[in-house]
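Step one of this worksheet: look at the structure below.
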Amino acid sequence: MRLNSIKPLLLVITVVTLAGCATHKDELLPHGGRTMQDIWHQEAGEGGSGQVAHRQLLDVRQSLRRPLTEVDVRAAPTVQASYTRTAANEIQRQFHRLPNPDLVMYVFPHLAGTDPVPVPGYSTVFPLYQRVQYAMPGERVEAY
């Protein structure tokens, strides 16, 4: 009985294996006449050093950059001052605590222990998050 169920399985595996061997790699993955060395030289530049590709990357980055305007130059000290600690703002918090609400859980009366001892119902309070989390400067300024 067991041998009869294995024979069709072996037949299917044999047919699939022979069908896989009947195809040619060029039919499945045509490469178009370019070798790996041609692709490397095209992408990495002359001699495979990557200097040409690196130079092209820098040129593209430079075209995306813009010079600072007068408004940006005048606003820079104000923006930087908000992140700088001084004697005046030392007593103020930069990193505000994020809210960590308390959860109240009611435990119903139950029996506990190996000798069933009655425990009356009670309420307990625990924080929602295990640790205190802090916001980045300017991310949260309102009190909770």
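Looking at V117 and the list (1) in contact with a strand residue (DSSP E or B) (Cβ under 9 Å, 6 or more places away or on another chain); (2) surrounded by 10 or more Cβ atoms within 10 Å (Cβ to Cβ), which single condition is not satisfied?
Unmet for V117, out of (1) in contact with a strand residue (DSSP E or B) (Cβ under 9 Å, 6 or more places away or on another chain); (2) surrounded by 10 or more Cβ atoms within 10 Å (Cβ to Cβ): (2).
Could you please tell me which pairs satisfy a Cβ distance under 8 Å, a separation of 6+ or placement on different chains, a first residue in the range 16-41 that is surrounded by 10 or more Cβ atoms within 10 Å (Cβ to Cβ), and a second residue that is among the polar types (S, T, N, Q)?
Nothing qualifies.
What do you reckon, is V73 in contact with an Asp or Glu (Cβ under 9 Å, 6 or more places away or on another chain), of a type in the set (A, V, I, L, M) and modelled with pLDDT of 80 or more?
no
Looking only at the range 88-102, filter to residues that are assigned to a loop (DSSP other than H, G, I, E, B) and at pLDDT 75 or above; which one of those is surrounded by the fewest Cβ atoms within 10 Å (Cβ to Cβ)?
Residue satisfying both the conditions and the ranking: P101.
Would you confirm whether or not the range 111-126 contains a residue that is part of a loop (DSSP other than H, G, I, E, B), on the phi > 0 side of the Ramachandran plot and not basic (K, R)?
Yes: the range 111-126 contains one or more residues that are part of a loop (DSSP other than H, G, I, E, B), on the phi > 0 side of the Ramachandran plot and not basic (K, R).
The values are calculated or read from the model by the stated rules, or taken from the named source; none is laboratory data. Worth saying up front: this structure is predicted, and the values here are computed from it rather than measured. We place every Cβ from the backbone using ideal geometry, glycine too, and count neighbours over all the protein chains shown.
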